[in-house]
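Trainee: Structure below; questions to follow.
The values are calculated or read from the model by the stated rules, or taken from the named source; none is laboratory data. The model shown is predicted, which means the values in this text are computed figures rather than measured ones. All Cβ positions, glycine included, derive from the backbone under ideal geometry; neighbour counts span all protein chains shown. Accessible surface is based on the protein model in full, side chains and every heavy atom, while ligands, DNA and RNA are left aside. Shrake-Rupley method; radii C 1.70, N 1.55, O 1.52, S 1.80 Å.
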Amino acid sequence: MSHIELAAPCCLTLAAGRLHGRPALVGLALRHPPVQLEAHPAPSLTVTGARADAAYRCAARLQAARALGGARIEIELAIPSYMGLGSDALTGLAAAQALAALHGQPGGTLPADAGLIPDDGLAAHAFAVGGLLAVGADGALLRRTTLPNTDEASDWVFVCVLPRVPPGTPADLEDVRRRELWATGPGAPAETLTAELWRAAEEQDLPAFAAHLLALQALGPAPEFGEGERTILAVMRAGGALACGRAPTGLALYALVRGAEASRELRHALSRTVGYTGGIVMASICDATGARFSLVS
């Protein structure tokens, strides 16, 4: 019996920016950690696996909005929650898209039908098209480009530390921090920096991109780092990171380096620092395509 196989990127929010006089969020679709799932025909809707709650919520809304039949959705890999990587939205969109495809439905109004709100448009566009994105508060895509991701020696690599989630972390952490970013409403300096950030990306000028990114982030809410985070960021800087920081909407720490070799060396150093129980160390590059799915017989 035919089924749908789907893979989708995560989305790292980078900063609040400004384009064409409008507030925007700037973010990047990353290949890892991804969502991977399968959807099989079934009389009712069921979801199993990590982040099944978010997946079921969006799939059920789509099912009701379009009067669709059921599916058995099996999540093989999911984006960790609380990290600032769009876990809720992207896992939900992946399940909704798989359900729609299983029933021969187009994507079309998928984010709205699946219950995403406009200010989560960054995740919606990361799912749809990937790349480096700037998205308005109404969910509109304002600008898109890609970052180098085809040559190991020159790829722009994001090395991430996904820490253990502290007890008592609010369930709505990512939503609250995203709203705080929107509330900063950066003005003229952000307009200039966002334009310069894009120019650097299109010209593949990594040092300029990193410098403009750090300057843009400095206009947003000032993060308060714990001792462990400060240690990890120091290792990142010592390991050659051109930019590093914490995901503005979550707990993940990231460093931007050039090339696979620099990435490997930094991951080894971070793994020694974090240890076996401190979290996950991983690397990723820009995802330039968004979600991909196929019908498998």
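Trainee: Can you give the helix-only mean residue ellipticity at 222 nm for the chain, where every DSSP H stretch with n ≥ 4 adds -39500 (n - 2.57) and the sum goes over all residues, rounded to the nearest 500 deg cm²/dmol? It would help to have the intermediate numbers written out before the result.
Mentor: Details: 9 runs with 109 residues, N = 297.
After summing the helix terms and dividing by the residues of the chain, the value is -11500 deg cm²/dmol.
Trainee: Any chance you could run the full-extension gain for THR192 through GLU180? It's 0.36 nm times the residue separation minus the Cα-Cα distance, nm to one decimal. Numbers along the way, then the final one.
Mentor: Working: separation 12, 0.36 × 12 = 4.32 nm, distance 2.12 nm.
Contour length minus the Cα-Cα distance gives 2.2 nm.
Trainee: Between GLU203 and ASP53, with labels modelled 7 Å along Cα→Cβ, what's the label distance in nm to one decimal, could you check?
Mentor: Result for the modelled spin labels: 4.7 nm.
Trainee: Follow-up question, since we're still on this one. To the nearest 10 square angstrom, how much accessible area does GLU5 have with a 1.4 angstrom probe?
Mentor: So the heavy atoms of GLU5 present about 70 Å² to solvent.
Trainee: On each of the three principal axes of the Cα atoms of the stretch 20-80, give max minus min coordinate, whole Å, ordered largest first.
Mentor: Projected onto the principal axes, the Cα atoms of the stretch 20-80 cover 49, 27, 16 Å.
Trainee: If you fit an axis through the alpha-carbon atoms of helix 227-238 and take the longest principal axis of the Cα set of the chain, what angle between them do you get, 0 to 90°, nearest 10?
Mentor: Computed tilt is about 70 degrees.
Trainee: What's the FRET efficiency of THR273 with ALA67 using the Cβ-Cβ distance as r and R₀ = 41 Å, to the nearest 0.05? List each step's numbers first, then the result.
Mentor: Values: r = 52 Å, r/R0 = 1.28.
About 0.20, to the nearest 0.05.
Trainee: Once you compute Rg and the Kirkwood Rh from C-alpha atoms, what is the Rg to Rh ratio for the stretch 93-156?
Mentor: Details: Rg = 14.2 Å, Rh = 13.2 Å.
Here the Rg-to-Rh quotient is 1.08.
Trainee: Calculate the translational D of the stretch 147-297 in whole µm² s⁻¹ from Stokes-Einstein, where the hydrodynamic radius comes from the Kirkwood formula applied to all Cα pairs, the temperature is 4 °C and the viscosity 1.567 mPa s. Kindly include the intermediate steps, with their values, before the conclusion.
Mentor: Working: Rh = 16.9 Å.
After rounding, the answer is 77 µm²/s.
Trainee: Rounded to the nearest percent, how much of the accessible area of the chain (1.4 Å probe, protein heavy atoms only) is carbon and sulfur? Please report the intermediate quantities before stating the final value.
Mentor: Details: 6730 of 12420 Å².
Carbon and sulfur: 54 percent of the exposed surface of the chain.
Trainee: Counting only heavy atoms of the protein chains, get the accessible area per residue of the chain (1.4 Å probe) and round it to a whole Å² value. If you can, show how the numbers build up before the last one.
Mentor: Values: 12420 Å² over 297 residues.
That works out to 42 Å² for each residue.
Trainee: Something else about it: So what's the gap between the Cα centers of the stretch 107-162 and the stretch 273-290, to the nearest angstrom?
Mentor: With the stretch 107-162 and the stretch 273-290 each reduced to a Cα centre, they are spaced 18 Å.
Trainee: Report the extension gain between ALA238 and VAL296 in nm, rounded to one decimal, defined as 0.36 nm multiplied by the number of residues separating them, less their alpha carbon distance. List each step's numbers first, then the result.
Mentor: Numbers: separation 58, 0.36 × 58 = 20.88 nm, distance 4.66 nm.
That pair, ALA238 and VAL296, stretches by 16.2 nm at full extension.
Trainee: Here is a further query. Evaluate the Kirkwood expression for the hydrodynamic radius of the stretch 211-293, namely the inverse of the mean inverse distance over all pairs of different C-alpha atoms, and round to one decimal in Å.
Mentor: Values: mean 1/r = 0.0714 Å⁻¹.
After inverting the pairwise mean of 1/r, the radius is 14.0 Å.
Trainee: Kirkwood Rh, the stretch 1-157, all Cα pairs: how many Å? Numbers along the way, then the final one.
Mentor: On the way: mean 1/r = 0.0632 Å⁻¹.
Here the Kirkwood hydrodynamic radius works out to 15.8 Å.
Trainee: With angles folded into 0 to 90 degrees, how steeply does helix 52-66 sit against the dominant principal axis of the chain? Use alpha carbons for both and round to 10.
Mentor: It works out to around 50 degrees.
Trainee: Going by average Cβ density within 10 Å per residue, which order do the peptides 82-94, 199-211 take, highest to lowest? Before the final figure, lay out the partial values.
Mentor: Numbers: 82-94: 28.5, 199-211: 16.5.
Order by mean packing, descending: 82-94, 199-211.
Trainee: Relative contact order for the stretch 16-99: what percent, with Cα pairs under 8 Å and sequence separation of 6 or more?
Mentor: Working: 138 pairs, mean separation 30.0, N = 84.
After rounding, I find 36 percent.
Trainee: Right, here's the next one. Size of the chain along its principal axes in angstrom, Cα-based, largest extent first?
Mentor: 55, 46, 41
Trainee: If you don't mind, there's one more thing I want to ask. Taking 8 Å as the Cα distance limit and 6 or more residues as the minimum spacing, I'd like the relative contact order of the chain as a percentage. Working shown, then result.
Mentor: Numbers: 695 pairs, mean separation 80.3, N = 297.
27 percent.
Trainee: Send over the semi-axes of the stretch 135-174's equivalent ellipsoid, whole angstrom and largest first, taken as the square roots of 5 times the C-alpha gyration tensor eigenvalues. Show your work: numbers first, answer last.
Mentor: Values: eigenvalues 172, 107, 3 Å².
The answer is 29, 23, 4 Å, longest axis first.
Trainee: Ranked highest first by the average count of other Cβ atoms within 10 Å around their residues, in what order do 248-260, 155-167 fall?
Mentor: Details: 248-260: 23.6, 155-167: 20.2.
Those peptides, ordered most packed to least, come out 248-260, 155-167.
Trainee: Where both partners of a DSSP beta bridge lie in the chain, what percent of those bridges are antiparallel, to the nearest 5?
Mentor: On the way: 50 of 54 bridges.
Here the antiparallel bridges make up roughly 95 percent for the chain.
Trainee: So, one more: Note the angle between two axes, namely the Cα long axis of helix 173-184 and the longest principal axis of the Cα atoms of the chain, as a number of degrees from 0 to 90, rounded to the nearest 10.
Mentor: Between helix and principal axis, roughly 60 degrees.
Trainee: Given the convex hull over the Cα atoms of the stretch 53-135, what projected area results after averaging over all orientations, in nm²? Present the calculation step by step, with values, prior to reporting the outcome.
Mentor: Numbers: hull surface 21.9 nm².
Its Cα hull, projected and averaged over all orientations, spans 5.5 nm².
Trainee: Right, next: Taking the alpha carbon gyration tensor of the stretch 161-219, what are the square roots of 5 times its eigenvalues, largest first, to the nearest whole Å?
Mentor: Details: eigenvalues 164, 55, 13 Å².
After diagonalising the Cα gyration tensor, the semi-axes are 29, 17, 8 Å.
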